[in-house]
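Asks: What follows is a structure written as structure tokens; I'll ask about it next.
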Amino acid sequence: MSLTDLLAAHLVLGAFAQMSAVDTNLIHYLPILSTIVAAAFTATLYKRWKATPSARYLMWWTFGIAMYGVGTFTEALTTVFGWSEPVFRAWYISGALMGGALLATGTVYLVMSKRVADRIAVSLMTYIAIAATFVLTTPIVSQMVEPNRLSGAVMEWTWVRLFSPLVNVYALVFLVGGAFWSAWKYWKVGDASSRVLGNIYIAVGALLPGIGGGFARAGVVEVLYVTELIGLLLIWAGFRVISGDRVISVFSSQRLVAARSE
């Protein structure tokens, strides 16, 4: 290979490296957009909940999306202003412990009796309160801190991270599994294609941030930022599709709320 060819190859590789750096930097700003979307979605859910205050599932979904937004807001703050200890602790509690779990609890209130759902909710919040206490009090390993990235690896008490897998499984079973199960129930009913599609949107949207979280734990936080935004948009799209459908709900809790609002 000639000197000219080597120089050309070097320039091309350098250009690709610069493009990758720009793309990565742009991805780091995605949480800002995710936060704006989460705020708008929270406002929509809040209005729906206030119109039907007996709909406990709407209350939990509102809190869940709000916590989702808090998590992406902390990511946005870290991108713009750099790593901060209070922001990190808020990120871990709102994201790893609360966001998906609160949304899943909304589904619990939708598909189960209020008595059972209340017991599950109390147990869950007790568990999260204990875990959050340790997140707030664990020392930070300063050598593990990255200027513009958030990671649970900075916690000196590494065992604190063992609290989140159970919460993640809970969210997977009730939020993702509940949405797929709802889609199946409406598919069996027939003539409810909108609700089938809407629940599939919600299930896929809820699954994506979990996949992104796995990449984040491996050090590729950019995947998390992308999946958070796409997942949130899919969940909102699913909610809108279902809300616009006039098919009678297969869940007694929703039928009762609808009857009270008439």
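Asks: How far apart, in nanometres, would the label points at residue 122 and residue 243 be if each is projected 7 angstrom from Cα along the Cα-to-Cβ direction?
Replies: 3.2 nm
Asks: Which helices count as membrane-span-like in the chain under these terms: full DSSP H, at least 24 Å along the axis by C-alpha, Kyte-Doolittle mean of 1.6 or more?
Replies: For the chain, where a helix must reach 24 Å along its axis and average at least 1.6, the hits are 221-243.
Asks: While we're here: Please give the charge dipole size of region 28-261, origin at the Cα centre, charges +1 on K and R Cβ atoms and -1 on D and E Cβ atoms. Round to the nearest 20 debye.
Replies: Charge dipole, region 28-261, about its Cα centre: 1080 debye, nearest 20.
Asks: So, one more: Quote the FRET efficiency, to the nearest 0.05, computed for residue 158 versus residue 189 with a Förster distance R0 of 30 Å and r equal to the Cβ-Cβ distance.
Replies: 0.05
Asks: Calculate the FRET efficiency for residue 52 and residue 217 from the Cβ-Cβ distance with a Förster distance of 41 Å, rounded to the nearest 0.05.
Replies: Working from the Cβ atoms, E equals 0.60.
Asks: Note down the relative contact order for the chain as a percent, whole number, built from C-alpha pairs under 8 angstrom at least six residues apart.
Replies: 19 percent
Asks: Got a sec? Charge dipole of region 28-261, +1 on Cβ for Lys and Arg, -1 for Asp and Glu; which of 145, 238, 53 is way out at the positive end?
Replies: Farthest along the dipole direction, towards plus: 53.
Asks: A further question on this structure: Residues of region 214-232 with the amide nitrogen closer than 17 Å to a label point 7 Å from the Cα of residue 36, along Cα-to-Cβ, please.
Replies: 226, 228-232
Asks: First measure r as the distance between the Cβ atoms of residue 115 and residue 148, then evaluate 1/(1 + (r/R0)^6) with R0 = 45 Å and state the FRET efficiency to the nearest 0.05.
Replies: Computed FRET efficiency for residue 115 and residue 148: 0.45.
Asks: Under a plain spin-label model, where a point goes 7 Å from the Cα along Cα-to-Cβ, how far apart in nm are residue 25 and residue 80?
Replies: 1.8 nm
Read-outs: derived from the displayed coordinates by stated rules, not from any lab. Quick caveat: nothing in here was measured; it's all calculated off a predicted structure. Here the Cβ is made from the backbone with ideal geometry for all residues, glycine too, and neighbour counts use every protein chain on show.
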